[in-house]
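Before any comments, here is the structure.
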Amino acid sequence: MSLKHPRYKVAVVQAAPVYLDLDATIDKTIALIDEAAAKGAALIAFPETFIPGYPWHIWLDSPAWSIGSGFTGRYFDNSLAYDSPEADRLRGAVKRAGITAVLGLSERQDGSLYIAQWIIGPDGETIATRRKLRVTHVERTVYGEGDGSDLAVHAVPSLGRVGALCCWEHIQPLTKYAMYAQNEQVHVGAWPSFSLYEPFAHALSAEVNIAASRIYAVEGGCFVLAPCAVVSEAMIETLCTTPEKRGLLKAGGGAARVIGPDGRDLVAPLAPDEEGLLIAEIDLAAIPIAKASADPIGHYSRPDVTRLLFNPVRARRVDYMRPRDPDPVEAGSFCVPPGLED
């Protein structure tokens with residue numbers, strides 16, 4: 001009896017958010033989810049921080065300008081909390097569409113923000129949430145960071161083993177290997193737009209970062225879904241308040257891709273300023289063919305020479321001490337906050 005390999009359609013988003021407008025961006029997200037489902041996709045992937053958009057203001061001026069101009073407060077207020085009515089709308093939309101969604105968002109928890117990805121199953125239930133492990137350069141003025149538990153691959157029924165990373169996590173060799181080592185089959189590599197600091201910062205270009213996605217596919221022997229946002233003219237009007245700022249950030253920058261485990265594009269890309277979905281069929285039977293020649297976690301590895309030390313344990317800000325043998329009479333006075341009992 002031969003193995004059965006999942007084969008299905010995927011949808012990869014190339015679009016602009018309704019910038020700094022949580023409700024309107026959720027409306028657009030739901031419309032894209034519905035469109036993907038109508039086109040037969042079983043999985044849809046969204047760009048980095050699509051909700052409510054990437055904080056381009058941090059690359060255009062000082063942190064003081066971001067605060068004084070109102071961007072810092074607006075960005076916080078329009079980021080998404082998982083325990084909110086807005087999150088419930090997204091869960092409901094994914095359930096109605098009956099597909100799996102990998103959302104990109106600015107996650108708000110208490111007083112902090114995180115670059116996050118949220119995997120929701122076709123039943124509307126959360127498969128996983130993750131945070132970008134190390135945010136890049138001036139992103140550190142906005143976001144906190146994840147931990148080793150965020151480098152995880154998940155067995156999703158009918159889809160295979162699905163994982164996700166954001167942006168320049170794809171140029172971290174050890175981060176990538178931690179994902180490969182979990183037998184990842186379908187990888188969502190989420191990106192913002194490639195229209196910042198042209199042409200004098202080639203490392204931020206579409207050429208370089210598409211190459212990072214392509215190398216991930218070949219190294220990992222997996223399919224890479226690389227959603228990418230677009231900077232709209234409306235966003236330029238909001239963000240670029242001087243001619244100098246208009247010289248730093250341009251409209252467009254979309255570069256979404258669907259890449260097979262042999263490094264090929266599986267569907268023609270959209271124009272950099274075009275919004276839409278890339279629809280492609282993926283067949284996981286291609287993975288063992290690719291890995292027959294080079295499996296970096298199997299026959300093409302040398303663990304006797306090089307190995308990765310990986311701590312996947314979720315970090316806790318506070319550890320609550322407990323008495324070793326609490327007195328039954330006194331135990332009632334010892335309180336561990338809800339959710340931290342384990």
Based only on other Cβ atoms within 10 Å, what is the fewest-to-most ordering of THR241, THR29? THR241, THR29
How do MET1, MET321, MET235 rank when sorted from fewest to most other Cβ atoms within 10 Å of their own Cβ? MET1, MET321, MET235
When N is the residue count of the range 25-82, what does its C-alpha Rg come to as a fraction of 2.2 N^0.38 Å? 1.47
Coil-residue trypsin sites (Lys or Arg not before Pro) of the range 80-127, DSSP, other Cβ within 10 Å capped at 13: none
Scan the range 55-135 for GluC sites (Glu not before Pro) in coil per DSSP, keeping those whose Cβ has at most 14 other Cβ atoms within 10 Å, and list them by number. GLU125
Amide H partners (placed H, <5 Å) of ALA152, local residues excluded: ALA164
Using a Gaussian network for the chain with springs between C-alpha atoms less than 10 Å apart, which of these wobbles most: PRO192, PRO122, PRO303? PRO303
Shape descriptor, the range 210-260: equivalent ellipsoid semi-axes (Cα gyration tensor, sqrt 5λ, whole Å, largest first) stand at 32, 10, 6
Can you put PHE71, PHE200 in order, fewest other beta carbons within 10 Å first? PHE200, PHE71
Where a ≥ b ≥ c are root eigenvalues of the Cα gyration tensor, a/c under 1.5 meaning rounded, otherwise prolate if a/b exceeds b/c and oblate otherwise, the chain counts as rounded
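Taking 0.36 nm per intervening residue step and subtracting the Cα-Cα distance, what contour gain separates ALA315 from MET1 on full extension?
108.7 nm
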With label points set 7 Å from each Cα along the Cα-to-Cβ direction at GLU207 and ASP77, the distance between them in nm comes to 4.2
Unsatisfied cross-links (Cα-Cα over 32 Å) in the set LYS9/LYS291; LYS95/LYS291; LYS95/LYS250: LYS95/LYS291; LYS95/LYS250
Taking springs between alpha-carbon atoms closer than 10 angstrom, which of ALA87, ALA212, ALA190 fluctuates most in the Gaussian network model of the chain? ALA87
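Values quoted throughout were computed directly from the atomic coordinates according to the rules given, and no laboratory measurement underlies them. If you're wondering where the values come from, they're calculated on a predicted model, not measured in any experiment. Heads up, the Cβs are rebuilt from the backbone with ideal geometry, glycines too, and the neighbour counts pull from every protein chain shown.
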